[in-house]
Structures are given as structure tokens and as C-alpha cells.
Amino acid sequence: METTPSESSSTPSTTVPKKKQGLGWVEWLRGWMYIIYEMLFQRIMASHLENPLSLPPINNLTCIVTGSTSGIGLQIARQLAESGAHVVMAVRNTKAAHDLIHKWQSEWTGLGLPLNIEVMELDLLSLESVSRFAEAWNARMGPLHVLINNAGIFSIRGPQKFSKDGYEEHMQVNHLAPALLLILLLPSLIRGSPSRIINVNSVMHYVGFVDTEDMNVTSGKRKYTSLVGYTGSKLAQVMFSSVLHRRLPAESGISVLCVSPGVVQTNVARDLPKIVQAGYHLIPYFIFNAQEGSRSALFSATDPQIPEYCELLKSDDWPVCAFISQDCRPTNPSEEAHNIDTAHEVWEKTLEMIGLPSDAIEKLMEGEEVRCRYGERQE
């Protein structure tokens, strides 16, 4: 039976919930309190950990580490290699990486065998570079056991910047490019199963917010600052990782984790305002060095109980992926990271931005080829 105009006009209208425009002040305050607490007590909470972290022999592992010429990534790459892993340094500055390898080899006093390290070029400010890297790696048809997305930026000074792909630099380097890399490397991770994807995140995601309709923060709805760009990109990474964690079937054998290195003195500190830099030097006790900051990622890459923990979260239908804190213990991401609806929006928008089809995961799981628009050169 057709509805007459008078009948339709009398039908109660459905109220569409207003889209969230940012963190509430309570969420924002709670996030900053958590960050301050982490900084003040991280050394106490992690006092049970060795430095450097003791790793088991991992001669059978192949690991890709992005951003491994400085800071946390440098420590991760070196310690994995010294424990026997085949390490691939995925970096923009290949000369610096080769110089480091030469230095490490000369200092290595292990069993007489050279460290098994190689260098491959990867520029996260170019999605085409990411696609080329993945294509070159997958062409080897070998297994990948651990992917550590460590590279990141926090450009505090200067105006808002965009990559040549048209994306805000924090969002591209900290989230979009790592997301493209991990998806394109899934065939190799499947061959290396059981394998792990480890995204080096940040406690700063606790004050992050993602507007999926304004990922570049250009609409004017929010004023752009480097803090907005950085924290939003880190939250987007947690949300994307959480959806990936749930979408990967258990039989894939791939564990997905985000880790917090803690508050660490790295190259990022050189870009901080002078007053903040002074604080870093005034309270050195509270700030981790890069070696201490590498422990959560190294733990997540090598601890034998990690796959079991990730599967437990999946079986319990937990809304977020595994998140390992600076003290190498499981912790909970931010309240906003548990927003399932936004997480799915981040997933869909990310796939669109990095040029992959919405069913990319399903196709790769079935052994089908997936094309990325950034991997196809226009004639």
C-alpha cells in the first residue's frame, strides 16, 4: 500500500546523530594526564627490563625495519641482527645505512660470522616508492617474518606540509605509507607465517582525533598544528591496525600489534621548542634513550607468547588490536581508539587514499593479485 503525503508527514523523523568534531575536554584532559603519568613513571614501570633487552636466538627470522638509520629504528635493526636475524634496513638514506652496517660489522664480536643485514631504498613521502619497494621484495618470493613500521616524523616547526601525493606529511609518513607497505607485503608475511606486523606508535595518540572527512586537516573545521597532525596520524594507525587485526583470518598466522616506545630522546627532540628541549635536559632521568625505547618493539617481535595473546583478543572480539606499552606489557589504547565506527571509516578512507580496492585483504588472502594505483606508472 502506498503512503500518502499526509501519512508520511506525520511519521516521526529519525534523528541523525551529530558527527563528533573532536575530543571532549574530559577526554583531552584524561589523555594528557596519561601522557604525563607515562613520562614521570615510565622508568619505574620498566625497571624490570634489561637494557639492552635480552633476545633469544632468531637465526630463522627475516625482519624489515623502516627508518633504521637513527634513533629507535637503528637500535632495533642492530639488536635483531646481533641476535641472528636477517635484517632489511628500509630507508631513504641508503648511504647512511651502508655506513652503519660497515661500522656494526667492524665492531661485531659474535661467532665470527658477519651480521646478516642488507639495505633497500624506501621513501615514505612517496607512495610510489612504497609500491616499488614492495614489488621488489615480493619478487624474491621469500618469507617475511617480522615487519616493523618504525619510521615516523613529528615536524614541530614550520608550516603545514604536504607530500607530492597531496597528503599532509604526518598522516602520510606515520600512517598512510606504513599501511600501504604492510598490505602490499601480506603475500610475503603469509609465506613467513607465523609472522608479525609491528607498528611503532606513540603514547601521544591518547590526545589524537581523526576526522575521516578531513584527513589532511585543511577544511578549517580544526586549526592545524603539528601536534594535531602528529597525534591524529598515530591514532589513525591504531584504528587501522585494529580493523586489520579483525579482518585477517586466524589461518593467516599474522599477528598485528602497535607498541609505545615511551617518551624517548630521539631526533624528534631537536625540532622541539627551546623551552621544551630545556625540559628534556633538566629531567634526563625520566626520558628514555633510544635503546630503552626500542625494547617494546623488540619484545613484540620476538616474545613467543605474542601470537597467542593476539589470537585471544581476536577470539574475544576485542575492539582494538594488541597494544604493548613501553614496559613490554599489554595495555589499552585511548578511549577514542575504541570507537569502532570511526575505525571502520578510517580503514575505508585509508584504502581509498593509498589507491587500493576495498576488498584488498580478501583478495590477497585468496592468493589473488591486487593492484595499487601508485604502482602503475602512467605512460
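The values are calculated or read from the model by the stated rules, or taken from the named source; none is laboratory data. Everything numeric here is computed off the predicted structure, so don't read it as measured data. Counting neighbours? That spans all protein chains shown, and the Cβs are built from the backbone with ideal geometry, glycine included.
Would you be able to tell me the number of residues in region 23-35 that are outside any helix (DSSP H, G or I) and either surrounded by fewer than 16 Cβ atoms within 10 Å (Cβ to Cβ) or not hydrophobic (A, V, I, L, M, F, W, C) (or both)?
Matching residues across region 23-35 total 1.
Of all residues in region 113-139, those that are assigned to a loop (DSSP other than H, G, I, E, B) and touching a residue at least 12 places away in the same chain (Cβ under 8 Å) total 7.
Close Cβ contacts (under 6 Å, 6 or more residues apart or on different chains) running from residues in region 76-104 that are touching a residue at least 12 places away in the same chain (Cβ under 8 Å) to residues that are of a type in the set (Phe, Trp, Tyr) comprise Arg78/Trp104.
For region 36-57, the criterion of being under 20 Å from the mean Cα position of the chain (by Cα) and surrounded by fewer than 17 Cβ atoms within 10 Å (Cβ to Cβ) is satisfied by no residue at all.
In the list Val217, Val207, which residue meets the criterion of being surrounded by 24 or more Cβ atoms within 10 Å (Cβ to Cβ), within 20 Å of Thr342 (Cβ to Cβ) and not hydroxyl-bearing (Ser, Thr, Tyr)?
Step by step, each of Val217, Val207 is checked, and only Val207 is surrounded by 24 or more Cβ atoms within 10 Å (Cβ to Cβ), within 20 Å of Thr342 (Cβ to Cβ) and not hydroxyl-bearing (Ser, Thr, Tyr).
Which count do you get for residues in region 124-152 that are more than 20 Å from Met204 (Cα to Cα) and either surrounded by fewer than 20 Cβ atoms within 10 Å (Cβ to Cβ) or touching a strand residue (DSSP E or B) at 6+ places or on another chain (Cβ under 9 Å) (or both)?
20
Within region 153-170, can one find any residue that is over 23 Å from Ser294 (Cα atoms), in contact with a strand residue (DSSP E or B) (Cβ under 7 Å, 6 or more places away or on another chain) and hydroxyl-bearing (Ser, Thr, Tyr)? Checking region 153-170: not a single residue is over 23 Å from Ser294 (Cα atoms), in contact with a strand residue (DSSP E or B) (Cβ under 7 Å, 6 or more places away or on another chain) and hydroxyl-bearing (Ser, Thr, Tyr). Residue by residue through region 166-208, note down the ones that are over 15 Å from the mean Cα position of the chain (by Cα), assigned to a helix (DSSP H, G or I) and over 20 Å from Asn138 (Cβ atoms). Val207 - this is the single residue of region 166-208 that is over 15 Å from the mean Cα position of the chain (by Cα), assigned to a helix (DSSP H, G or I) and over 20 Å from Asn138 (Cβ atoms). All of (1) more than 14 Å from Tyr230 (Cβ to Cβ); (2) modelled with pLDDT under 95 hold for Asn149 with one exception: (2).
For region 228-245, the condition holds for no residue, the condition being that it is outside any helix (DSSP H, G or I) and surrounded by fewer than 24 Cβ atoms within 10 Å (Cβ to Cβ). Note on region 333-379: residues that are in a helix (DSSP H, G or I), among the acidic types (Asp, Glu) and farther than 21 Å from Met171 by Cβ total 1. Scanning region 85-112 for residues that are in a loop (DSSP other than H, G, I, E, B) and at pLDDT 95 or above returns Ala85, Arg92, Asn93. Only one entry of Trp347, Trp318 meets the criterion of being at pLDDT 95 or above and either over 30 Å from Arg78 (Cβ atoms) or aromatic (Phe, Trp, Tyr) (or both), and that entry is Trp347.
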